[in-house]
Amino acid sequence: MTNVRINPSILAADFANFERELGRIGTADAAHVDVMDNHFVPNLTFGQPMVERLQQVSPVPLDLHLMIEDPDRWAPGFAEMGVFSVTFHLEAATAPVTLARQLRERGARAGIALRPGTPFAQIEELLEHFDQLLIMTVEPGFGGQRFMPETMPKLRLAREWARRHGSEIRLQVDGGVSADTIGMAAEAGADTFVAGSAVFRGEPAEEIARLRELASQHGCTH
């Protein structure tokens, strides 16, 4: 499999030492930053000032995942910070295609996320406007949850869509990704993997290399 990307979630990092923790994942493709507002999901994490500071000190690009209400209002401000990508939820957006264009105009890649219960059919007609599709493999809101294999058919539909359309869209999975589950996601078509505790609980460089190798072994070339 080509172009396996590992984006560790800093939700599993030591919050008191973010600069050091970002330095520990210097071999990753990006740092996944979960922005939660305690409304769209029942958890509260980082706001714009925190993300802006992380962007200043991170040795790798920032891959933002906005689990917030009203992304149409707030997402462009995150893109203006120079982050690599901004992903918002289809379930929260009023005008997702317009928002995707605004994110790209501000220099960020535009991503769209689906909760486990949201069917692929709801995004299929809009997908050409996005650079990344994030298929949640847990219910969004908290780290450390168990991977949901029942989301894999949706991932297969997305990969088949990308093949049919000759699209280079990135297919990302987030939630419960570990050495035990990454092969299943890679086989179903994912190429970008968010892993939290699986990376930070050990030696991050070793864990990133291990996950990358496992995904490469199981993934299909596309």
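The values are calculated or read from the model by the stated rules, or taken from the named source; none is laboratory data. Since the model is a prediction, treat every value here as computed from it, not as a measurement. Methodologically, a virtual Cβ is constructed for each residue, glycine included, from the backbone with ideal geometry; neighbour enumeration extends over all protein chains shown.
Worth pointing out:
- For PHE193, the conditions (1) closer than 27 Å to PHE88 by Cα; (2) surrounded by fewer than 18 Cβ atoms within 10 Å (Cβ to Cβ) all hold with the exception of (2).
- Of the residues VAL177, VAL194, the single one that is farther than 23 Å from VAL97 by Cβ and part of a loop (DSSP other than H, G, I, E, B) is VAL177.
- Of the residues making up region 132-141, just one is of a type outside the set (A, V, I, L, M, F, W, C), buried (at least 20 other Cβ atoms within 10 Å of the Cβ) and farther than 16 Å from GLY189 by Cβ, namely PRO140.
- When the test is whether a residue is in contact with a His (Cβ under 9 Å, 6 or more places away or on another chain) and of a type in the set (Gly, Ala, Ser), ALA158 does not pass it.
- Qualifying residues in region 73-103 (those that are buried (at least 22 other Cβ atoms within 10 Å of the Cβ) and among the polar types (S, T, N, Q)) - the one nearest to ALA30 (Cα to Cα): SER85
- In region 65-72 there is no residue matching the filter, namely being out of contact with any Lys or Arg (no Cβ under 8 Å at 6 or more places or on another chain), surrounded by fewer than 20 Cβ atoms within 10 Å (Cβ to Cβ) and either within 26 Å of ILE208 (Cβ to Cβ) or hydrophobic (A, V, I, L, M, F, W, C) (or both).
- Checking LEU214 against (1) under 16 Å from the mean Cα position of the chain (by Cα); (2) without any contact (Cβ under 8 Å) to a residue 40 or more places away in the chain; (3) buried (at least 16 other Cβ atoms within 10 Å of the Cβ), the condition it does not meet: (1)
- Exactly one residue out of ASN43, ASN17, ASN7 is on the phi < 0 side of the Ramachandran plot and loosely packed, with under 13 Cβ neighbours inside 10 Å: that is ASN17.
- For beta carbons closer than 6 Å, sequence separation of 6+ or different chains, a first residue in region 60-87 that is modelled with pLDDT of 95 or more and a second that is hydroxyl-bearing (Ser, Thr, Tyr), the qualifying pairs are ASP63/SER85; HIS65/THR87; ASP72/THR94.
- Of the criteria (1) surrounded by 14 or more Cβ atoms within 10 Å (Cβ to Cβ); (2) farther than 17 Å from GLY143 by Cα; (3) at pLDDT 95 or above, which one VAL35 fails: (2)
- Options MET148, MET152; residue that is more than 22 Å from PHE84 (Cβ to Cβ) and in contact with a Pro (Cβ under 6 Å, 6 or more places away or on another chain): MET148
- For region 118-144, residues that are part of a loop (DSSP other than H, G, I, E, B), at pLDDT 95 or above and not hydrophobic (A, V, I, L, M, F, W, C) total 5.
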